[in-house]
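Chemist: Provided herewith is a single structure, encoded as structure tokens, for subsequent inquiry.
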Amino acid sequence: MNRFLKVFSLFLLITFFAACNKDDGASVPPPRDYAEQYVTEKADIENYLKTHYIANVDEDFNVELEEIPALGGEVSIWDQTDYQLLTKEVNLSDVNFTLYYLVLQQGVGEAPTRADRVLVSYRGTTLEGNQFDYNPFPQVYSSLTGTILGWQEVIPMFKTGVYVDVPGSPDPASFEDYGAGVMFLPSAYGYYEAARVGIPAYSPLIFSFKLYDLEYVDSDGDGILNKDETDNGIDIRDFDSDGDGTPNYFDIDDDGDGYSTRSEITIPGSNDVYEFENIPTCDGGAVKKHLDPNCF
């Protein structure tokens, strides 16, 4: 009898926990519709830009944004002209979004692509002013492909700075003339329905940032850097020269002729590849040989 009771009790426990797990899974609501959610968030972001002002930008481009007090005469972020407030039109799941960003300093170096590695300092807050992340002194380069979509869209709009290390100077090495800005992101370009520590679900985000340096990447290992896997300023994500559905920066055969890009740009008699600007065309060809399906 005792043995039967033990087995029966174990059966009841398993059934109870299985039922609880099933109920927990069923209680999770599906993500909100992008278009409907963005209507609210766009209004919230634009209201923030019209009710807050740039209180201070110091010599290191650390920026302070504050709410305009009642009867205050401060000029809003939306209306001020000291720093450009620009927009970038983007599309996600057939929904058009407008990303707002402030240019505090453009930078004088090179611009990364969305798949390069960058050295960036940043501060992240919600529209309510709650800081959820802060990295003023970055020590490592981070891949933009591992960041939120908003970073992949906005950071490439800026350029890197100049590394300064004066021999014999007691001052530490630093960067000058780097890109610096502030981005205002709808949650679809942040974490959307996925809550994070300090970030409730469906939260628009603000990031102030400084782009110090970058490392160019060759994502598909074909011998051509991502920055050269496009044309005429087209985003690398959208450049697919052979129309196979894979953008060139992820395609090991850019012209779809059955011969790998690396084999086509290898210098004859060696294992080295041509520098991008020196990749030849075929006789009578108009484009570099790795983009010409009639050239092997």
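The values are calculated or read from the model by the stated rules, or taken from the named source; none is laboratory data. Being a predicted model, the structure only gives us computed values, none of them experimental. Counting neighbours? That spans all protein chains shown, and the Cβs are built from the backbone with ideal geometry, glycine included. With ligands, DNA and RNA removed, areas are computed over all heavy atoms of the protein, side chains included. Shrake-Rupley method; radii C 1.70, N 1.55, O 1.52, S 1.80 Å.
Chemist: So which GluC sites (Glu not before Pro) in segment 219-287 end up in coil per DSSP with only 13 or fewer other C-beta atoms within 10 Å? Could you put the intermediate results ahead of the total?
Modeler: Values: sites: E229, E264, E275, E277; in loops: E229, E275.
Sparse-neighbourhood loop GluC sites (Glu not before Pro): E275.
Chemist: Next question. Just name one of S169, T246, I224: the one whose Cα is farthest towards the positive end of the charge dipole of segment 156-251 (beta-carbon charges, Lys/Arg +1, Asp/Glu -1).
Modeler: The residue sitting most towards the positive pole is S169.
Chemist: For the chain, report the accessible area per residue in Å² (1.4 Å probe, heavy atoms, rounded to an integer). Let's see the in-between values first.
Modeler: Details: 17020 Å² over 296 residues.
I get 58 Å² per residue for this part.
Chemist: Here's something else I'd like to know. Can you list residues from other chains, or at least 5 along the same chain, whose modelled amide H is less than 5 Å from the amide H of L92?
Modeler: Placed amide hydrogens put F97 under 5 Å from L92.
Chemist: Tell me what the chain gives for mean residue ellipticity at 222 nm when only DSSP H runs of n ≥ 4 count, each as -39,500 (n - 2.57), the sum divided by the residue total, rounded to 500 deg cm²/dmol. Kindly include the intermediate steps, with their values, before the conclusion.
Modeler: Details: 4 runs with 53 residues, N = 296.
Here the helix-only value at 222 nm equals -5500 deg cm²/dmol.
Chemist: Using 0.36 nm times the number of residues separating N278 and L225, minus their current alpha carbon distance, what extension gain do you get? Don't skip to the answer; put the middle values down first.
Modeler: Values: separation 53, 0.36 × 53 = 19.08 nm, distance 1.37 nm.
The N278-L225 span can extend by a further 17.7 nm.
Chemist: Rounded, prolate or oblate, given the Cα gyration tensor of segment 144-264, with a/c below 1.5 counting as rounded? Before the final figure, lay out the partial values.
Modeler: Values: a/c = 2.75, a/b = 1.23, b/c = 2.23.
Oblate, since a/c reaches 1.5 and b/c is not below a/b.
Chemist: Tell me whether segment 34-77 comes out rounded, prolate or oblate; compute the Cα gyration tensor, take square roots of the eigenvalues as a ≥ b ≥ c, and use a/c under 1.5 as the rounded threshold.
Modeler: Details: a/c = 4.53, a/b = 1.66, b/c = 2.73.
Oblate, because a/c is 1.5 or more while a/b does not exceed b/c.
Chemist: Mind checking segment 87-156 for GluC sites (Glu not before Pro) that DSSP puts in a loop (not H, G, I, E or B) and that have at most 15 other Cβ atoms within 10 Å? Walk me through the intermediate numbers first.
Modeler: On the way: sites: E89, E110, E128, E153; in loops: E110, E128.
For GluC sites (Glu not before Pro) across segment 87-156 that sit outside H, G, I, E and B with at most 15 neighbouring Cβ atoms in 10 Å, the list reads E110, E128.
Chemist: If you place +1 on the Cβ of every Lys and Arg and -1 on the Cβ of every Asp and Glu, how big does the dipole about the Cα centre of the chain come out, in debye to the nearest 20? Can you show the working numbers first?
Modeler: Working: 18 positive and 52 negative charges, 351 e Å.
Using only the charged Cβ atoms, the result is roughly 1680 debye.
Chemist: Give me the percent of the accessible area of the chain that comes from carbon and sulfur atoms, probe 1.4 Å, all protein chains in place.
Modeler: On the way: 8800 of 17020 Å².
The value for the chain is 52 percent carbon and sulfur by accessible area.
Chemist: Between segment 67-129 and segment 189-216, what's the alpha-carbon centroid distance in Å?
Modeler: 12
Chemist: Here are a few candidate values for semi-axes √(5λ) of the Cα gyration tensor in Å: (1) 41, 35, 21; (2) 32, 24, 18; (3) 30, 24, 16. Which one was actually calculated from the structure I just gave you?
Modeler: (1)
Chemist: In addition: Packing-wise, with mean Cβ within 10 Å as the measure, how do 159-166, 72-79, 134-141 rank, highest first?
Modeler: Numbers: 159-166: 15.2, 72-79: 13.6, 134-141: 10.2.
Peptide ranking by packing, descending: 159-166, 72-79, 134-141.
Chemist: Please report the relative contact order for segment 200-267, taking Cα pairs under 8 Å with a sequence separation of at least 6, and give it as a percent rounded to a whole number. Working shown, then result.
Modeler: Working: 67 pairs, mean separation 15.5, N = 68.
Rounded, it is 23 percent for segment 200-267.
Chemist: Output the peptides 242-254, 207-219 sorted from most to least packed, where packing is the average of other Cβ atoms within 10 Å over each peptide's residues. Kindly include the intermediate steps, with their values, before the conclusion.
Modeler: Details: 242-254: 17.8, 207-219: 20.8.
Taking the mean over residues of other Cβ atoms within 10 Å, the ranking is 207-219, 242-254.
Chemist: When only C-alpha pairs under 8 Å and at least 6 residues apart count, what is the relative contact order of the chain, in percent? Before the final figure, lay out the partial values.
Modeler: Details: 505 pairs, mean separation 40.2, N = 296.
Across the chain, relative contact order equals 14 percent.
Chemist: Provide the per-residue ³J(HN,Hα) series for segment 213-219, in order, calculated from phi with Karplus coefficients 6.51, -1.76, 1.60 and θ = phi - 60°, each as a whole number of Hz, with x at glycine and proline positions.
Modeler: Those phi angles translate into 7, 8, 10, 6, 10, 10, 4 Hz.
Chemist: Take Q84 and Y216, extend 7 Å from each Cα along the Cα→Cβ direction, and tell me the distance between the two endpoints in nm.
Modeler: Placing both labels 7 Å beyond Cα along the Cβ direction yields 2.4 nm.
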